[in-house]
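Readers should treat all values here as calculations from the given coordinates under stated rules, not as data from a laboratory. Here the structure is a predicted model, which means the values were calculated and not measured. Every residue, glycine as well, gets a Cβ built from its backbone with ideal geometry; the counts of neighbours run over all protein chains shown.
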Amino acid sequence: MPAPADQAWGLLQDVERVAGCMPGATITERVDDRHYKGTVAVRFGPASLSFRGEIEVAALEPATRTLRLAAKGTDTTGGSGASMDLSARIEAPDPKSSTLSGKAEVSLSGKAAAFGARVADAVAQQVLQQFAANFAAALAARQVSATAAAAAAESAAVPPAQPRQLNGLMLLWGVVLAWLRGIFGTRRA
C-alpha cells in the first residue's frame, strides 16, 4: 500500500470507507459502532443480484492491526442467501509503505449458489483484487488530501468513495483466463 502502516490502519478501521472499496457494496445504516446494514449488488451481464444484509465488526485488534468483519444477507427477491467472514491485516514492511493481507470465506445458498458454484473461488479472488486496488486508491487519495491540508493549513474533506458495481463480465473473463492458464500452464523457454 502507498502509505505507512498507521495510516493504512486508520483507513481500515473506517467500515464505511472499507465497504466503499468493496465492488458493489454500500453501507446504508450505521446501527452502532460494531453493527451496520448494507447492500451488495452483483451484475452478470444482463442479470443482477442485490443482497441486503448486516455487517458486524467481529474483531478490531490495534496491536496486530487486524479487522474481522462478519456479514450475512439475502437477495432482495428472497431466492438466495450469502454470508462472508473477512479478515484483513495491515503489516509494516518499512516505514513508508504497508501491506494489506486478507482472507475471505464466502458461503452462498439458493440460486446464487447454483449459478456461481463453479466459479466462486475465481470470482472471490477477482473481487479481493478489486478491493485491494480500491483500498490502495482510497489510501492514496487520503494521503494526497492530508498533504494538501497540511500545506494549506486547513482541513480538506475527502468525499466518500463512490461504490462501484461489481462487473460480472470482467470477473467472468478473469475466471476464464485463470481456467485456461490452469489447463495450458505457462511455458517458459
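The three principal axes of the Cα atoms in the stretch 1-107 give end-to-end lengths of 48, 32, 21 Å, sorted in falling order.
Place the peptides 96-105, 78-87 in order of packing, highest mean first, counting for every residue the other Cβ atoms within 10 Å and averaging per peptide. Before the final figure, lay out each step's value.
Values: 96-105: 14.5, 78-87: 16.6.
Packing order, densest peptide first, comes out as 78-87, 96-105.
Listed by chain and number, the lysines whose C-alpha is less than 23 Å from the C-alpha of LYS72, apart from same-chain residues fewer than 8 away, are LYS37, LYS103, LYS111.
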